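A.B. asks: Have a look at this one.
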Amino acid sequence: MATRRMRAFKRWMKSQGFEWSDALEFVDTPEEGIAVRALCQLKEGDVVAKMPKEACLTIKTSGAREIIEDAGLDGHLGLAFAIMYERSLGGDSPWAGYLQLLPHQECLPLVWTLNEVNALLCGTELHQAVQEEKALMYEDWKEDILPLLDLAPSKLKPKFFGIEQYFAAKSLISSRSFSIDDYHGFGMVPLADLFNHKTGAEDVHFTAMSSNYASDNDIDLNNNDEGIIDEEALAQNSSIDMTELNTAHVENCVDGNSEYSSDMEGDPSMLEMIMIKDVNSGAEVFNTYGLLGNAALLHRYGFTEQDNPYDIVNIDLELVLQCCSSLFSDRHSRARVSLWRRLGYSACGSQNSEYFEISFDGEPQIELVILLYIMLLPDNAYQKLDLSVSIAGNYHESSETILLDDNILPKKASKVSTKLLLTKKVCYALLSLVDMRESLYGLESIEDDIAGLGRCSLVRDRKLYHSLMLRISERKILQKFRNYASQPFKITNHSSARKKLKRTTKSKS
């Protein structure tokens, strides 16, 4: 049975020209939120929903468009302002019927308190990233949103544009927005955002025909000082002059199949949800947000998945240098890293750091192994390699291979034989890196985390549940990474790996 807010949302969609198949059921429960299920079998190629672009909440369609464009806001910052503005209008917003269906905010780490971030995400891939993101978002709000409250006091209600409201809007954008077209950019697409995500199991695909048109429609929005939403009036509150759309004929399910036809196929003013595989009656219909690991899923959408094959763990270059600091001088490490770069190798990069990826199977990025190999070369082999590179000049224009410690090192990392590089010293170094990376999680073991997850309720302890899922998935990868580094020489005493490495390596000045 449809909930009150879902009935209001459906009335609003009908008033705006949305079309959806009778074969779709919108399930709304307090425990699991909203999901879309098939009432009968859906076939690949079925167009199961159509959404007018002008009914999407974007910078271009919002009543705050003039304020946003005059202030030079764009992208997600401008869209966040548009959401806050429409929320400030209450029942007078053209999107009141849609906004009442949304949560105030999604449970993403960016809206957690700093204490929660530090306690729950310590050691994970998200810890530092979320700290930095929260700081940057606060600066954006302070520099770009706050001044607008003084410039347009008659149009804006300050209580709807505070830092908490900005973070809440940003959480909705992160978890629910779509790229619409060149004109609208990113926006909130009602109905399309009801389909839940499942990694690698997309049933329905969101499509948008490219459009470069510009709208001349003026949007006249009135404030509602009371901010009260009247459910029965939601469908009538749009002040946007929407184009009259022909309602597609939606046939009821017959003989277990759904047929959905429309005369508006290819209409650039409409967005579509198209089935890309068959879905049986009673099954949930999933969209996908991409092939993302748990860190990205939690960061952007507020949830994790068990045994996610796209999970990775990063080893920062800075951690590698720390690992080597007890063995070598800074001068030694800098020289070896410089040579590694001159050979044409590099790490992955973000705004503030360089890092190496450890795959779901526990295999390190080959560039990390090469760096450790070069870092641990005896002086005579290093000097020989350094001279070879210097003579070659621009290595990218030199031969495809170069002599390395009496072995041939291909110019491209993809051609390097891992077995060639996994010497005993390199394996000990990898194990030391595992120990250092694992220590970032604190004193509790992975067994403690697994036990804690077993005691968690997904409904009551959502933040703890998903943070533990992330920690466990990362630590399982580190366990595989440890096995990877141990197997070549059957190294069993992992805890003494750093001591063994130190004994087998002469200190360099």
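A.B. asks: Can you tell me the length gained on complete extension of the stretch residue 7 to residue 198, counting 0.36 nm per residue apart and subtracting the Cα distance?
C.D. replies: My answer for the length gained is 66.2 nm.
A.B. asks: Given 10/155; 50/155; 60/142, which pairs have Cα atoms separated by over 25 Å?
C.D. replies: Where the Cα-Cα span goes over 25 Å, the pairs concerned are 10/155; 50/155.
A.B. asks: Holding the Cα-Cα limit at 29 Å, pick out from 384/425; 53/198; 14/277; 198/419 the pairs that are longer than that.
C.D. replies: Table pairs above 29 Å Cα-Cα are 198/419.
A.B. asks: Given points 7 Å out from each Cα along the Cα-Cβ axis, report the residue 458 to residue 142 separation in nanometres with one decimal.
C.D. replies: If labels sit at residue 458 and residue 142, their model points lie 3.9 nm apart.
A.B. asks: Per 5 Å bin, what is the whole-percent P(r) computed from every C-alpha pair distance within segment 39-92?
C.D. replies: Percent of pairs per bin, in order: 4, 18, 22, 16, 10, 7, 7, 10, 4, 1.
A.B. asks: Something else: How compact is segment 1-112 by the rule of thumb for globular proteins, expressed as Cα Rg over 2.2 N^0.38 Å?
C.D. replies: Normalised Cα radius of gyration, segment 1-112: 1.23.
A.B. asks: Post the alpha-carbon centroid distance, segment 325-363 to segment 415-452, in whole angstrom.
C.D. replies: 16
A.B. asks: Between residue 419 and residue 381, what is the label-point separation in nm under the 7 Å Cα-to-beta-carbon projection?
C.D. replies: So the two model labels end up 1.8 nm from each other.
A.B. asks: So for the pair residue 155, residue 390, with labels modelled 7 Å out along Cα→Cβ, what separation do we get in nm?
C.D. replies: 6.5
A.B. asks: Further question: So between residue 179 and residue 446, what do we pick up on full extension, going 0.36 nm a residue minus the alpha carbon distance?
C.D. replies: That works out to 92.2 nm of additional length.
A.B. asks: So, R0 is 41 Å and r is the distance between the beta-carbons of residue 284 and residue 354; what FRET efficiency does that work out to, to 0.05?
C.D. replies: 0.55
A short reminder: the numbers here are calculations on the coordinates, not readings from a lab. Small disclaimer: the values here were computed from a predicted structure and weren't measured. With ideal geometry, Cβ positions are generated from the backbone for all residues, glycine too; neighbour counts draw on all protein chains shown.
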